[in-house]
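Asker: Right, I'll just put the structure down here and ask away after.
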Amino acid sequence: GSYEISFGAVEGYDSPGPERVTLRAGVLIGVTAEYKGAEERRLRVRYA
């Protein structure tokens with residue numbers, strides 16, 4: 001099925017927009033999102 005993944009707030013960072021994924025039986029997927037903060041700080045989140 002098709003799903004939308006949204007990312008919550010992290011203090012000091014701008015949240016990334018939602019990602020749409022399609023899940024299929026037996027298929028592994030990964031989603032990576034990047035939070036951007038002041039002074040070029042970045043926080044990367046990966047779901048696999």
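Please treat every number below as a calculation from the coordinates, not as lab data. Every value quoted in this text rests on a predicted model; they were computed, and no experiment measured them. Using ideal geometry, Cβ is built from the backbone for each residue, glycine included, and neighbour counts are taken over all protein chains shown.
Asker: Of the trypsin sites (Lys or Arg not before Pro) in the chain, which ones lie in a loop per DSSP and count no more than 11 other C-beta atoms within 10 Å?
Answerer: Answer in residue order: 24, 41.
Asker: Give me log10 I(q)/I(0) at q = 0.21, 0.22, 0.30, 0.31 Å⁻¹ for the chain, Debye formula, one equal scatterer per alpha-carbon, no solvent.
Answerer: -0.74, -0.79, -1.15, -1.20
Asker: Which loop-located GluC sites (Glu not before Pro) does the chain contain, where loop means any DSSP state but H, G, I, E or B and the Cβ has at most 12 other Cβ atoms within 10 Å?
Answerer: Here the GluC sites (Glu not before Pro) that fit, given the DSSP loop and packing criteria, are 11.
Asker: What distance in nm lies between label points placed 7 Å from Cα along the C-beta direction at residue 38 and residue 11?
Answerer: Label-label distance for residue 38 and residue 11, simple model: 1.3 nm.
Asker: Using the Karplus equation 6.51 cos²θ - 1.76 cosθ + 1.60 (θ = phi - 60°), what ³J(HN,Hα) coupling, rounded to whole Hz, does each residue of the range 18-25 give in order, writing x for Gly and Pro?
Answerer: For the range 18-25, the Karplus curve yields x, 10, 9, 10, 10, 9, 10, 4 Hz.
Asker: Which ³J(HN,Hα) values in Hz, rounded to whole numbers, follow from the phi angles of the range 28-34 under the Karplus curve 6.51 cos²θ - 1.76 cosθ + 1.60, where θ = phi - 60° and Gly and Pro get x?
Answerer: Rounded to whole hertz, the list is 8, 10, x, 10, 10, 10, 10.
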